[in-house]
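These notes are about the structure you will find just below.
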Amino acid sequence: MNYEQTLEKSKKHNQQHLLTFWNELDESSREKLLDQIGQIDFNSLDSKIQEYVKNSAPTKLPSKIEPAPVYPAIPQTPEHKEKFAKAKKLGEELLSKGKVAAFVVAGGQGTRLGFDGPKGDFKVSPIKNKTLFQIFAESIKAAGIKYGFQPHWYIMTSPLNDEPTRKIFKSNNFYGLKEQNVFFFQQGTEVNYSTDGKILLAEKDTLATSPDGHGGSLKALYKSGAVAEMKKLGIEHISYFQVDNPLINIFDPLFIGLHAIDDAEMSSKYLTKCEPLEKVGNFCLGDGKVTVIEYSDLPDELAYKKNPDGSLVFALGSIAIHIISRTFIERLNAKGFALPYHRAVKKIPYVDTTSGKIIKPEKPNGIKLETFVFDALPLAKESIILETIRSDEFAPVKNAEGADSPAVTKRMMVERAAEWLENAGIKIPKKPDGSIDCQIEIAPSFALSAEDIASKKINLKIESGQKVYLE
Ligand code: UTP
């Protein structure tokens, strides 16, 4: 579109303020601005603004909400025991044949943590101060050695952190992985709005944008060519995880095997919620399909509903750990699909179109729209849910302090290491209150699971207050 066409389109949709500074811009800035406005889907803009920006469209809840069927962490019935054994074997086979790739979504802004840089570069391990990226890379490398395959790792960044992320990997020599086996790609963005539905300018020639949410990964994996490359490499399953959780078991044969045996397109791990309103999504069956309902959307009478034994009926917390079949992503993208938007009210710096000055608001002033990956679950033909245990696999670094902070994550890393060693018969020094009285860090090269430790003959004596690093 040229200037006149862009102005006309913008006027029609109440966005002509975007061209306020046209006369001040040089040729390249003008081009840049027209290009960005040209990328807006004006056909859906008005309804999107009406539904999600000016109003907060109530989440469409399924008409029938039931508990979802799950696999427990430990099989309870003879049928399940047999199935788990088969699934684990199949998962190991799929791994050894190189059919599974690791995939981390690392495009978020990490505002709550307040760390300056890509969140994956945040140092979190208790003794060696390894970063999240390093822990994942070492786990991926160790799994490749354990199961005998060349691991491939796909990393989704955003335009805001792509360059620094690549630099971090380069300057760390890809943490021992082969450079050609690490594939970076960028997610899409969404424009930001004022609360009255005007698209904000970040600069006089630049629209304010932000990453389009982890749900954007399902489009970006396809658009970037990552999925096409996976197909060439014979990769069938994608192990999806978040950049903030160092306890993640990236290549879990049981989870992969159950997903494959049940012909699932997208599967999930859950953990049992600590309380009815814990701030995690809830796995449910919504009109017969596995669905995640956010904690804020689950009606209270369901959130508090109890089974006769006192346990919660809706107890399955979603923790953003999935296996996604490559063909699912191909199928969704081939016919086109849309995930619902989620609205977040945020502090968004913008150019004031009256004064031309950049305003850095102190209070939330605008709207960001994102999509969430779990909203793709109902689109899957089949979907399994496997239980995991919090202390084993979930310690996300979200906030600078308090719950989900680095201090908690570090403590949980030590506790898990201690538990693995205790299971293998090693005595862990404890304080009178039962807490652990030493620091332990287990490198992925030493063990990826409790089982790995149990299979080693370790002769280790740990003293109170000692720091023990095992690699
Ligand atoms: P969070 O919901 O924790 O968001 O992301 P965030 O942006 O990292 O942090 P805050 O809310 O600003 O504090 C969960 C996971 O999804 C990824 C994040 O990188 C993290 O691994 N993510 C989130 C993306 O990859 N892209 C996005 O647009 C949003």
- Answer yes if at least one residue in the range 135-145 is without any contact (Cβ under 8 Å) to a residue 60 or more places away in the chain and surrounded by 18 or more Cβ atoms within 10 Å (Cβ to Cβ), and no otherwise. yes
- Note on the structure: Heads up, the strands (runs of 3 or more DSSP E) in the range 333-451 (entirely inside) with at least 1 residues that are in contact with a Phe, Trp or Tyr (Cβ under 6 Å, 6 or more places away or on another chain) and more than 20 Å from Leu470 (Cβ to Cβ) are 342-346, 366-370, 385-387
- Query: Just checking, which of Glu190, Glu163 is within 16 Å of the ligand (Cβ to nearest atom), closer than 30 Å to Glu24 by Cβ, part of a helix (DSSP H, G or I) and of a type outside the set (A, V, I, L, M)?
  - Reply: Glu163
- Task: Tell me which residues, restricted to the range 79-116, are more than 16 Å from the ligand (Cβ to nearest atom) and among the small types (Gly, Ala, Ser).
- Result: Ala85, Ala87, Gly91, Ser96, Gly98, Ala101
- Name every residue in the range 63-95 that is in a loop (DSSP other than H, G, I, E, B), crowded, with 16+ Cβ neighbours inside 10 Å and out of contact with any helix residue (DSSP H, G or I) (no Cβ under 9 Å at 6 or more places or on another chain), in order of residue number. Ala68, Val70
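This table checks each residue for (1) more than 21 Å from Pro164 (Cα to Cα); (2) more than 16 Å from the chain's Cα centre (by Cα); (3) not hydroxyl-bearing (Ser, Thr, Tyr).
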{"residue": "Val182", "(1), (2), (3)": "no, yes, yes"}
{"residue": "Gln186", "(1), (2), (3)": "no, no, yes"}
{"residue": "Ser194", "(1), (2), (3)": "yes, yes, no"}
{"residue": "Ala208", "(1), (2), (3)": "no, yes, yes"}
{"residue": "Leu218", "(1), (2), (3)": "yes, no, yes"}
{"residue": "Tyr222", "(1), (2), (3)": "yes, yes, no"}
- Mind listing whichever residues of the range 156-168 are touching a helix residue (DSSP H, G or I) at 6+ places or on another chain (Cβ under 7 Å) and either exposed (fewer than 14 other Cβ atoms within 10 Å of the Cβ) or of a type outside the set (Ser, Thr, Tyr) (or both)? Met156, Ile168
- Query: Since Lys119 meets every condition but one in (1) within 16 Å of the ligand (Cβ to nearest atom); (2) out of contact with any Asp or Glu (no Cβ under 7 Å at 6 or more places or on another chain); (3) of a type in the set (Lys, Arg), which condition does it not meet?
  - Reply: (2)
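Take the residues in the range 199-223 that are within 26 Å of Leu34 (Cβ to Cβ) and surrounded by fewer than 19 Cβ atoms within 10 Å (Cβ to Cβ); name whichever of them is nearest to the ligand (Cβ to nearest atom).
Restricting to residues being within 26 Å of Leu34 (Cβ to Cβ) and surrounded by fewer than 19 Cβ atoms within 10 Å (Cβ to Cβ), the top hit is Lys223.
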- Do the conditions hold for Ala57, that is, is it of a type in the set (Gly, Ala, Ser), in contact with a helix residue (DSSP H, G or I) (Cβ under 8 Å, 6 or more places away or on another chain), more than 15 Å from Leu254 (Cβ to Cβ) and not in a strand (DSSP E or B)? yes
- Over the range 385-429, the set of residues touching a residue at least 12 places away in the same chain (Cβ under 8 Å), among the acidic types (Asp, Glu) and more than 16 Å from the ligand (Cβ to nearest atom) is Glu387, Asp392, Glu415, Glu419
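Each value in this text was obtained by applying a stated rule to the coordinates, not by laboratory testing. This is a predicted model, so every value here is computed, not measured. All Cβ positions, even for glycine, are placed from backbone atoms using ideal geometry, and neighbour counts span all protein chains on display.
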